[in-house]
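Chemist: I have a structure here, written as structure tokens, and I will follow up with some questions on it.
The values are calculated or read from the model by the stated rules, or taken from the named source; none is laboratory data. The model shown is predicted, which means the values in this text are computed figures rather than measured ones. All Cβ positions, even for glycine, are placed from backbone atoms using ideal geometry, and neighbour counts span all protein chains on display.
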Number of protein chains: 2
Amino acid sequence: MADAGKSIADQIKEQGEIVRKLKAEKAGIDKITEEVSKLLALKAQQGSDKDEKSSGKFVLKTAKGTRDFNPRQMVIRQQAFDKIIACFKRHGAETLDTPVFELKEVLTGKYGEDSKLIYDLADQGGEILSLRYDLTVPFARFLAMNKVGSIKRYQLGKVYRRDNPAMTKGRFREFFQCDFDIAGPTDPMIPDVECVRVVTEILDSLDLSEHIVKINHRKILDGLFEACGVPDTQFRAICSSVDKLDKSPWEEVRKEMTDEKGLAPEKADQIGQYVLRSGQDDLVEQLLADPKLSLSKSAIEGLEALKLFFRYAELYGVKKRVKFDMSLARGLDYYTGIIYEAVLTSILYIFLYIKRQSYFISIFLLDQNPEEGVGSIAGGGRYDNLVALFDPKAKAVPCVGVSIGIERILAILENREANLKLRTVETQVYVAAAQKNLLEERMKICAELWDKEIKTEMSYKANPKLLGQLQTCEEQGIPWAIIIGQSELEKGVVKLRHVPSRQEEEIERSKLTDVLKHKLNASIV
Amino acid sequence: MADAGKSIADQIKEQGEIVRKLKAEKAGIDKITEEVSKLLALKAQQGSDKDEKSSGKFVLKTAKGTRDFNPRQMVIRQQAFDKIIACFKRHGAETLDTPVFELKEVLTGKYGEDSKLIYDLADQGGEILSLRYDLTVPFARFLAMNKVGSIKRYQLGKVYRRDNPAMTKGRFREFFQCDFDIAGPTDPMIPDVECVRVVTEILDSLDLSEHIVKINHRKILDGLFEACGVPDTQFRAICSSVDKLDKSPWEEVRKEMTDEKGLAPEKADQIGQYVLRSGQDDLVEQLLADPKLSLSKSAIEGLEALKLFFRYAELYGVKKRVKFDMSLARGLDYYTGIIYEAVLTSILYIFLYIKRQSYFISIFLLDQNPEEGVGSIAGGGRYDNLVALFDPKAKAVPCVGVSIGIERILAILENREANLKLRTVETQVYVAAAQKNLLEERMKICAELWDKEIKTEMSYKANPKLLGQLQTCEEQGIPWAIIIGQSELEKGVVKLRHVPSRQEEEIERSKLTDVLKHKLNASIV
């Protein structure tokens, strides 16, 4: 918009200078890459202005931080989705869908420091829009808009974050979230623990059983900050420092609290005595007896909630998966109660990554503490006040939910299945010709089989070679081939070939579809 | 961007003036609505700046031209998708996925006059991006990028168009396309006719058998313009006028050609002698013998292609669905051969619309010629040069494909099923308590059933009333309820209730999951 008056050539010149300056300054590689691709985009635009036919030739790529899924990846993705959806349905959830963009104001003020990562649409005259950042805020907007007071819903959809992509770290700008949320009044902690059960069921069904679910409670964090003398106004800022403990050592986090956020060193040290602790209900009991924490009403409430949580987790058979981790904070503004984060714990996956994508080595070994797992693959929590923000009468609908991020899971599954032969098409029958001039007969047979809902293909050549047709069947794993020839047709028969065994038999042309239906029902194709 | 320096208050003032001016001018309602919502968005932004907590309260809506799908609509949508995907798989297609946005240059120069409808993302520092306008151009980009020379692929995804008119016409700004494309070298017209077969199979499977597929050929249109003396440089412009014949009478289209586009009246009249004609292979034969058209090499090529098309269409059993319509032009730049458009023809659907959504009456009766159907629900064609635009060596991959738009189809299905009871959850068993203090026992039973992959729910209240629990089962159509009571548990039994018949039996607690598994396998749930 601001550049509307400038020529492309001028813009290219300016952009070129920006890039040169960044390189001279030895700026971060991400920043340089970003500005370079902007430059290339401008050059491409110039090219397309000059010669429309050449447009697009300059940068043949997907947008930064995004990727295509090829047919093989789609098969793996769909298998994972099927398992995830099966679990959501097992827990009685129904599904809904919301648009990929929302009025910007819907997203405003919901994501704390992460708001800067929201993608905005250009102002082309009309509403001010942004791409959705998660599925939770649109869900809350849906509940308020439709006055839904109680629902269990799942939703699979893409969300968008202008994060500095590290696709090698499994961090994308466009990625899927698979959400499960329980909205409506309930007795305490019953749905909260079901969300953890849902996560573990899904990860188990994907054979990712080496995982734990870290939990914490916003009221415990608030109580802790209160007990350590952090001023109310600094809760959020200190909370977001604590959240960095999964990636940075305590010394660095402490430094950020004192130097950047101006917290008194002795207060930071007091926080440090708590946030490095983790355990199970034993830790809950210790903290309930802690002389400092037990003075905070908020902390006691949070701890009592977790006590109940562990009781229920045992009944739901998931207690062994749960770790109460006092450093878990999660950046989003809207959480009010329990918060979760699931991480994979097996070091095995690190080696799987190494095997196929060698650049993963350094990242995981540098970034991750192996005992702590290879990173978060699910997160969530309770957000009792979010719906009220959208309701004209500020009517609250208590909600709790969890979101499974599948990008890392898919990377693991793709590696695991790298050597498996996966069919990307489901074709059951291939209609082949043994001689020339049989195209019309092949077309008639295809139409008959399609009429009977048999998955059928044939060559798009008018006169294909038989060998090539049979090769296609073998390569594609198509189990049955019908081979037609002039003399057989005159006799009223066709040849049916079982591709894996290469056995052939003659069958009557008029009984073709019946015979095939029978064979396809008998075999598992 | 241009407004970055202005205060919100100033922007609101300016926007208010725009709205007042439009109202004074009696501008179109769409335009006014758009500017008003922009004003409301600004006011909301002002509100959220003042008080973060109140953000979102001003305009509780989805973005213009978009909508949510509620659980009931999702069930209907999923049933339609399942049928569509089954057909695509029946024809041997595999699937892939591309990001929702592309580099803007990927889309530039592909959509002719419609390019103005592309949604751009804001320039937030980085690449220049746009939301995808269809699935075809990203598919071509995928083929070039991955050097795929031959593939049959389907893709279901949302696309985005800043089209003005409204949802009452079934025209959305965010809507689904279900695409099927055959890429790679083939003998003439074999895949082209399969695309029509795919469309009719899908519409038949959705019980929308009252449809026709209009076809035309770019080479016939080009030959026609040539034969009528239209200068080369005006082909596109005249083509886009012809395309309006499905909505406007010839007189208006002629006026546009002569007055707006400067075509000589006698040339327009010559065009008019052709473009109002429609038929089948009989019309192809007439035109092949036409003294004027037969002088054009391009026209002859196109007509010969359609002759072959009709021959194959007969073999594929779809000839009766096809109408050769010389006014079919389609606006997109990238078509090079056959073009298609499927329309529903039954007037019945108009009354279905009327019944439930009365505002549809005027639109269909005003806008549509009933004999011509209630509007386009699928379109496509051959685009042999699109992939080459993306390939660094301009390597061409011939492609033909079709795109099913499901918004109108869904409206029809939703109306048709308006009085049907549709289950939106699939829960098989509800675990109920007859007395207080049985929460933990209910939780244990739920965990056991989930372990056995039985779809199970229970109340989220600690001590729910039995009547309420049974009512939930009946309302939700849950077929089985387990009812536990203290005395039964002590005896080692639970009650199993068949909800539809209200019959109850006692079964051993220890055999519960086995008995249920057996009953669920026996019944169709």
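Chemist: Name the single residue that is farthest from B:Thr345 (Cα to Cα) among those in the stretch B:211-246 being touching a helix residue (DSSP H, G or I) at 6+ places or on another chain (Cβ under 7 Å) and part of a loop (DSSP other than H, G, I, E, B).
Modeler: Filtering the stretch B:211-246 for residues that are touching a helix residue (DSSP H, G or I) at 6+ places or on another chain (Cβ under 7 Å) and part of a loop (DSSP other than H, G, I, E, B), the one farthest from B:Thr345 (Cα to Cα) comes out as B:Gly229.
Chemist: Just to check your reading of the model, which residue among B:Ala144, B:Ala183 is within 7 Å of chain A (Cβ to nearest Cβ) and either of a type in the set (A, V, I, L, M, F, W, C) or in contact with a Ser or Thr (Cβ under 6 Å, 6 or more places away or on another chain) (or both)?
Modeler: Numbers: B:Ala183 fails: within 7 Å of chain A (Cβ to nearest Cβ).
Within the list B:Ala144, B:Ala183, the selection yields B:Ala144.
Chemist: Against the conditions (1) at pLDDT below 75; (2) more than 13 Å from every other protein chain (Cβ to nearest Cβ), where does A:Glu17 fall short? Just the number, please.
Modeler: (1)
Chemist: Additional query: Considering the stretch B:188-210 alone, what residues qualify as being among the polar types (S, T, N, Q) and in a helix (DSSP H, G or I)?
Modeler: B:Thr200, B:Ser205
Chemist: If you don't mind, there's one more thing I want to ask. I'd like to verify a number: residues in the stretch B:261-271 that are assigned to a helix (DSSP H, G or I) and touching a residue at least 12 places away in the same chain (Cβ under 8 Å), how many?
Modeler: Step one: filter the stretch B:261-271 for residues assigned to a helix (DSSP H, G or I), giving B:265-271.
Adding the requirement that they be touching a residue at least 12 places away in the same chain (Cβ under 8 Å) leaves B:267-271.
Here the count works out to 5.
Chemist: May I pose another question? Looking for something among the hydrophobic types (A, V, I, L, M, F, W, C), in contact (Cβ under 8 Å) with a residue 60 or more places away in the chain and touching a helix residue (DSSP H, G or I) at 6+ places or on another chain (Cβ under 9 Å) - is there at least one such residue anywhere in the stretch A:460-471? Before the answer, list the steps.
Modeler: Initially, the stretch A:460-471 is screened for residues among the hydrophobic types (A, V, I, L, M, F, W, C), giving A:462, A:466-467, A:470.
Subsequent filtering for residues that are in contact (Cβ under 8 Å) with a residue 60 or more places away in the chain retains none.
No, there is no match, as no residue in the stretch A:460-471 is among the hydrophobic types (A, V, I, L, M, F, W, C), in contact (Cβ under 8 Å) with a residue 60 or more places away in the chain and touching a helix residue (DSSP H, G or I) at 6+ places or on another chain (Cβ under 9 Å).
Chemist: Could you say whether any residue in the stretch A:246-259 is of a type in the set (D, E, K, R) and touching a Leu at 6+ places or on another chain (Cβ under 7 Å)? Can you show your working first?
Modeler: Of the stretch A:246-259, the ones of a type in the set (D, E, K, R) are A:246-247, A:251-252, A:254-256, A:259.
Filter again for touching a Leu at 6+ places or on another chain (Cβ under 7 Å), leaving none.
So far as the stretch A:246-259 goes, no, none of its residues is of a type in the set (D, E, K, R) and touching a Leu at 6+ places or on another chain (Cβ under 7 Å).
Chemist: Criterion first (more than 7 Å from chain B (Cβ to nearest Cβ), closer than 22 Å to B:Leu103 by Cα and buried (at least 18 other Cβ atoms within 10 Å of the Cβ)) does A:Leu131 satisfy it?
Modeler: Numbers: more than 7 Å from chain B (Cβ to nearest Cβ): yes; closer than 22 Å to B:Leu103 by Cα: yes; buried (at least 18 other Cβ atoms within 10 Å of the Cβ): yes.
Considered against the rule, which asks whether it is more than 7 Å from chain B (Cβ to nearest Cβ), closer than 22 Å to B:Leu103 by Cα and buried (at least 18 other Cβ atoms within 10 Å of the Cβ), A:Leu131 comes out as yes.
Chemist: Still on this structure: Being under 27 Å from B:Ala237 (Cα atoms), more than 10 Å from chain A (Cβ to nearest Cβ) and of a type in the set (Val, Ile, Thr) is true for just one of B:Val199, B:Val159, B:Val137. Which residue is that?
Modeler: Details: B:Val199 fails: under 27 Å from B:Ala237 (Cα atoms); B:Val137 fails: more than 10 Å from chain A (Cβ to nearest Cβ).
Step by step, each of B:Val199, B:Val159, B:Val137 is checked, and only B:Val159 is under 27 Å from B:Ala237 (Cα atoms), more than 10 Å from chain A (Cβ to nearest Cβ) and of a type in the set (Val, Ile, Thr).
Chemist: In addition: So for the stretch A:471-488 (the condition being polar (S, T, N, Q) and within 21 Å of B:Glu194 (Cα to Cα)), does at least one residue qualify?
Modeler: Just the residues of the stretch A:471-488 that are polar (S, T, N, Q), to begin with: A:471-472, A:476, A:486-487.
Pick out the ones that are also within 21 Å of B:Glu194 (Cα to Cα) and you get A:472, A:476.
Yes.
For every residue, the table says whether it meets (1) surrounded by fewer than 21 Cβ atoms within 10 Å (Cβ to Cβ); (2) not assigned by TED's automatic domain parsing to the domain that holds A:Gln286.
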| residue | (1), (2) |
| --- | --- |
| A:Val196 | no, yes |
| A:Thr200 | no, yes |
| A:Ser205 | yes, yes |
| A:Glu226 | yes, no |
| A:Val230 | no, no |
| A:Arg236 | yes, no |
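The rows are residues; the columns are (1) among the polar types (S, T, N, Q); (2) over 25 Å from the mean Cα position of the chain (by Cα); (3) closer than 30 Å to A:Leu439 by Cα; (4) within 14 Å of chain A (Cβ to nearest Cβ).
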position: B:Arg173; (1), (2), (3), (4): no, no, no, yes
position: B:Ile190; (1), (2), (3), (4): no, yes, yes, yes
position: B:Asp204; (1), (2), (3), (4): no, no, yes, yes
position: B:Ile215; (1), (2), (3), (4): no, no, yes, no
position: B:Lys219; (1), (2), (3), (4): no, yes, yes, no
position: B:Ile238; (1), (2), (3), (4): no, yes, no, no
position: B:Asp259; (1), (2), (3), (4): no, yes, no, no
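Chemist: Please note which helices (runs of 4 or more DSSP H) are completely contained in the stretch A:425-525 and include at least 2 residues that are at the interface with chain B (Cβ under 10 Å from one of its Cβ atoms), exposed (fewer than 14 other Cβ atoms within 10 Å of the Cβ) and at pLDDT 95 or above.
Modeler: Details: elements: A:439-451, A:466-476, A:486-491, A:512-522.
Passing ranges, in order: A:439-451.
Chemist: Working only within the stretch A:146-164, note down all residues that are more than 23 Å from A:Pro191 (Cα to Cα), surrounded by 19 or more Cβ atoms within 10 Å (Cβ to Cβ) and touching a residue at least 40 places away in the same chain (Cβ under 8 Å). Quick ask: steps written out before the conclusion?
Modeler: In the first step, residues of the stretch A:146-164 are kept if they are more than 23 Å from A:Pro191 (Cα to Cα); the result is A:158-164.
From what is left, the residues that are surrounded by 19 or more Cβ atoms within 10 Å (Cβ to Cβ) are A:158-162.
Once the filter is applied, which keeps residues that are more than 23 Å from A:Pro191 (Cα to Cα), surrounded by 19 or more Cβ atoms within 10 Å (Cβ to Cβ) and touching a residue at least 40 places away in the same chain (Cβ under 8 Å), the stretch A:146-164 yields A:Lys158, A:Tyr160, A:Arg161, A:Arg162.
Chemist: Let me ask another. State whether one or more residues within the stretch A:223-234 are free of Cβ contacts under 8 Å to residues at least 24 places away in the same chain and among the acidic types (Asp, Glu). Full working, then the answer.
Modeler: If we filter the stretch A:223-234 for residues that are free of Cβ contacts under 8 Å to residues at least 24 places away in the same chain, which is where we start, we get A:231-233.
Those still in the list that are among the acidic types (Asp, Glu) too: A:232.
Checked the stretch A:223-234: at least one residue is free of Cβ contacts under 8 Å to residues at least 24 places away in the same chain and among the acidic types (Asp, Glu).
Chemist: Here's a follow-up. Look through the stretch B:272-294, keep the residues that are part of a helix (DSSP H, G or I) and touching a residue at least 60 places away in the same chain (Cβ under 8 Å), and return whichever of them is surrounded by the fewest Cβ atoms within 10 Å (Cβ to Cβ).
Modeler: Taking the stretch B:272-294 and keeping what is part of a helix (DSSP H, G or I), we get B:272-275, B:281-288, B:293-294.
Among the residues that remain, those that are also touching a residue at least 60 places away in the same chain (Cβ under 8 Å) are: B:287, B:293.
Values: B:Leu287: 24, B:Leu293: 22.
Of everything passing the filter in the stretch B:272-294, B:Leu293 is surrounded by the fewest Cβ atoms within 10 Å (Cβ to Cβ).
Chemist: Being among the aliphatic types (A, V, I, L, M), within 7 Å of chain A (Cβ to nearest Cβ), closer than 17 Å to A:Gln124 by Cα and free of Cβ contacts under 8 Å to residues at least 60 places away in the same chain narrows it down to one residue among B:Leu103, B:Leu96, B:Leu117, B:Leu121; which is it?
Modeler: Details: B:Leu103 fails: closer than 17 Å to A:Gln124 by Cα; B:Leu96 fails: closer than 17 Å to A:Gln124 by Cα; B:Leu117 fails: within 7 Å of chain A (Cβ to nearest Cβ).
Checking each option against the conditions leaves just B:Leu121.
Chemist: Give the residue that is farthest from A:Ile409 (Cα to Cα), with candidates limited to residues of the stretch A:59-92 that are hydrophobic (A, V, I, L, M, F, W, C) and within 7 Å of chain B (Cβ to nearest Cβ).
Modeler: Restricting to residues being hydrophobic (A, V, I, L, M, F, W, C) and within 7 Å of chain B (Cβ to nearest Cβ), the top hit is A:Val59.
Chemist: Look at A:Pro398 and say whether it is under 30 Å from A:Pro138 (Cβ atoms), modelled with pLDDT of 95 or more and either surrounded by fewer than 20 Cβ atoms within 10 Å (Cβ to Cβ) or not aliphatic (A, V, I, L, M) (or both). If you could, list the steps in order and put the result at the bottom.
Modeler: Values: under 30 Å from A:Pro138 (Cβ atoms): yes; modelled with pLDDT of 95 or more: yes; either surrounded by fewer than 20 Cβ atoms within 10 Å (Cβ to Cβ) or not aliphatic (A, V, I, L, M) (or both): yes.
Spelling it out, A:Pro398 is indeed under 30 Å from A:Pro138 (Cβ atoms), modelled with pLDDT of 95 or more and either surrounded by fewer than 20 Cβ atoms within 10 Å (Cβ to Cβ) or not aliphatic (A, V, I, L, M) (or both).
Chemist: Check whether at least one residue in the stretch A:320-328 is within 14 Å of another protein chain (Cβ to nearest Cβ) and either under 19 Å from the mean Cα position of the chain (by Cα) or modelled with pLDDT of 95 or more (or both), and report yes or no. Lay out the reasoning, then the answer.
Modeler: Within the stretch A:320-328, the subset within 14 Å of another protein chain (Cβ to nearest Cβ) is A:320-321.
Retained after the next criterion (residues that are either under 19 Å from the mean Cα position of the chain (by Cα) or modelled with pLDDT of 95 or more (or both)): A:320-321.
There is at least one residue in the stretch A:320-328 that is within 14 Å of another protein chain (Cβ to nearest Cβ) and either under 19 Å from the mean Cα position of the chain (by Cα) or modelled with pLDDT of 95 or more (or both).
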